[in-house]
Amino acid sequence: MDLRSDRISNRLILLGWFLAFPYQIYLNGARGIFVFSLQAILPVILFYLMYRLRALGAGDIKLLSLLSVFLGKEAFFCAIPYIFAAAGLIGISKLLYRRILIERVKYLLCYAGQTILTGRLSVYDGEERAEHWDNRIHFSVPILIGYLGYVCRNWGNAG
């Protein structure tokens, strides 16, 4: 859906939460209500700054929230490096394919320098730049790849 329409349906997220809520109650009893709530809000808190910088979209954070309520806090934190490694590999591959990696690294360094000098965060690669849309990735893909990488890596360690 993200690749086709550039959106992640709230209906799908709500369906996932609807399924995750009884799952948490099954796992944790009445405490599952608290666990579900905490797990659902955790990615919002963790990735709010990335959302404000437009590095992640609201749908991406809701999808991470859904992953969090199903995986649990410990497994979620273990899956995050896989997700961001997948995002990095996809992003670098795309920049290499488009032959603009050096240009984008220079832009990143200028952005970092400006942020340090002014002490203010601004939107990274603001949407007013047309090429911004060509440089971004659909983060649902690295979420899926990172989750699968985490599951494969830990296949025999469960239980």
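Exactly one of (1) over 22 Å from Cys152 (Cβ atoms); (2) among the hydrophobic types (A, V, I, L, M, F, W, C); (3) part of a helix (DSSP H, G or I); (4) under 19 Å from the mean Cα position of the chain (by Cα) is unmet by Phe21. Its number?
Against the list (1) over 22 Å from Cys152 (Cβ atoms); (2) among the hydrophobic types (A, V, I, L, M, F, W, C); (3) part of a helix (DSSP H, G or I); (4) under 19 Å from the mean Cα position of the chain (by Cα), Phe21 comes up short only on (4).
Among residues belonging to segment 39-61 that are closer than 16 Å to Ser140 by Cβ and in a helix (DSSP H, G or I), point out the one that is most open to solvent (accessible area, probe 1.4 Å).
Per the criteria, the residue is Tyr51.
With (1) hydroxyl-bearing (Ser, Thr, Tyr); (2) open to solvent by less than 70 Å² (accessible area, probe 1.4 Å); (3) modelled with pLDDT of 90 or more as the list, and Tyr82 as the residue in question, which single condition is left unmet?
(2)
For the structure I just gave you, tell me whether Tyr97 is open to solvent by 40 Å² or more (accessible area, probe 1.4 Å), among the hydroxyl-bearing types (Ser, Thr, Tyr) and within 14 Å of the chain's Cα centre (by Cα). Explain how you work it out, then say what you get.
On the way: open to solvent by 40 Å² or more (accessible area, probe 1.4 Å): yes; among the hydroxyl-bearing types (Ser, Thr, Tyr): yes; within 14 Å of the chain's Cα centre (by Cα): no.
Against the criterion (open to solvent by 40 Å² or more (accessible area, probe 1.4 Å), among the hydroxyl-bearing types (Ser, Thr, Tyr) and within 14 Å of the chain's Cα centre (by Cα)), Tyr97 does not qualify.
Could you please give the count of residues in segment 135-151 that are part of a loop (DSSP other than H, G, I, E, B) and either within 10 Å of the chain's Cα centre (by Cα) or of a type in the set (D, E, K, R) (or both)?
Taking segment 135-151 and keeping what is part of a loop (DSSP other than H, G, I, E, B), we get 136-139.
Then keep just the ones that are either within 10 Å of the chain's Cα centre (by Cα) or of a type in the set (D, E, K, R) (or both); that gives 136, 138-139.
Residues meeting the conditions: 3.
Has segment 9-18 got any residue that is under 15 Å from Pro142 (Cβ atoms), touching a helix residue (DSSP H, G or I) at 6+ places or on another chain (Cβ under 7 Å) and part of a helix (DSSP H, G or I)?
No, that holds for no residue.
The values are calculated or read from the model by the stated rules, or taken from the named source; none is laboratory data. Everything numeric in this text was worked out from a predicted model, so none of it was measured. Cβ atoms come from the backbone with ideal geometry, glycine included; neighbour counts cover every protein chain shown. The area values use the complete protein model at the heavy-atom level, side chains included, leaving out ligands, DNA and RNA. Shrake-Rupley method; radii C 1.70, N 1.55, O 1.52, S 1.80 Å.
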